[in-house]
Amino acid sequence: MDATYARRGKTAAVRPGTTLKVGVDLGTASIVVVVLDENDTPLTWEMEEASVIRDGLVVDFAGAGAIVRRLKGRIEEHLGAELRSAAIAVPPGTGVRDCATHGYVVESAGLEVTSVLDEPTAANAVLGIRDGAIVDIGGGTTGIAVFSEGAVSAVFDEPTGGTHVSLVIAGNRKIPFPDAERLKQDPRMHRELLPLVTPVLQKMASIVSGCVKGHDVKVLYLVGGTCCLEGMERVIERETGIPAFKPAHPFLVTPLGIAMNCGSR
Ligand SMILES: Nc1ncnc2c1ncn2[C@@H]1O[C@H](COP(=O)(O)OP(=O)(O)OP(=O)(O)O)[C@@H](O)[C@H]1O
Ligand SMILES: [Mg+2]
């Protein structure tokens, strides 16, 4: 994760003939494009905050396409090479037509879509867990995928995420939402903000508890941007009573996993 994180906006020399593995993550809060070489070595990545997807559905087709095209253009400059194809991921349970719309967004930016994964499977390409649950707390939604013996055995999608955290900060500090977002994303503020946002995190934890009940989940793996909040894993752990772990840079797990799956159908 650290090696990938360090490559944001970086240039890299690409030998002619190298197969580039490209992952495009269309999220509610942000769009991320990650590029790996054929050995899964991270080359570069770019992201933009966006509100073109809501609850996993494309709500601004042209806007989403324009962002992907812009990110693709920036990455092509970093690499001096053209990106031709990409993998994408959708929340589990996304209908066939909505999956197709995700694909069309990426194709409208000039990339052929070679694989459409579901998000927990993409995340697990990085984490490689056999048993436990991956909890993906994004901007607007929390996706929970239970893994048993390496396969997804149950999935849940709940309407809670980082937006709720920011709303609480905005209300408490009497500041506009975008200012609350900025404050929240400043790691120096995390210690001070944690007590304030703990009730929201406890609510998320109780949602997780409700979902995994009866599924014999012994460990939680936290991914998604909201899990960047320092110390949040301890709140989740305390409330659910299940040990919770998070990798470095949890918002990058799914985009990286999508890129790792590029090319495999
Ligand atoms: N450093 C940070 N500290 C705290 N929160 C952060 C940080 N970085 C991002 N976030 C929050 O993470 C959320 C976005 O996470 P992520 O990029 O995983 O979501 P998404 O995939 O776009 O959305 P969704 O999964 O809901 O479709 C936003 O609410 C954002 O404010
Ligand atoms: Mg997401």
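FYI, it's all coordinate maths here, none of it is from the lab. Since the model is a prediction, treat every value here as computed from it, not as a measurement. Glycine gets a Cβ as well: all are built from the backbone with ideal geometry, and neighbour counts include every protein chain shown.
Under 10 Å from the Cβ of Met260, count the other residues' Cβ atoms, weight Lys and Arg +1, Asp and Glu -1, and hand me the total.
On the way: positive: Lys21; negative: Asp40.
That sum, taken over residues with Cβ under 10 Å, equals 0.
Within region 45-105, list the trypsin sites (Lys or Arg not before Pro) lying in a DSSP loop whose Cβ has at most 11 other Cβ atoms in a 10 Å radius.
Listed in order of number, the matching sites amount to none.
If R₀ is 45 angstrom, what is the calculated FRET efficiency for the pair Ile175 and Phe245, using the beta carbon separation as r and rounding to 0.05?
According to the calculation, E is roughly 0.90.
For Ala13 and Glu82 in the same chain, what is the full-extension length gain: residue separation times 0.36 nm, less their Cα-Cα distance, in nm?
23.6 nm is the gain from fully extending Ala13 to Glu82.
Could you tell me the extents of the chain's C-alpha atoms along the three principal axes, largest first, rounded to whole Å?
51, 45, 35
Roughly how big is region 129-250's charge dipole about its Cα centre, with Cβ charges of +1 (Lys, Arg) and -1 (Asp, Glu), in debye to the nearest 20?
360
Long-range amide H contacts for Ala154: which residues qualify at under 5 Å (H placed 1.01 Å from N, peptide plane, sequence gap of 5 or more or a different chain)?
Under 5 Å from the amide H of Ala154: Val146.
To one decimal place, what Kirkwood hydrodynamic radius in Å is obtained for region 150-265 from all pairs of distinct Cα atoms?
On the way: mean 1/r = 0.0647 Å⁻¹.
By the Kirkwood definition, the hydrodynamic radius is 15.4 Å.
Tally the DSSP beta bridges in region 129-250 and give the antiparallel ones as a percent, rounded to 5.
Beta bridges within region 129-250, antiparallel portion: roughly 70 percent.
Let me know the number of lysine pairs in the chain closer than 29 Å at the Cα, not counting same-chain pairs under 8 apart.
Pairs that pass both the separation and distance tests number 17.
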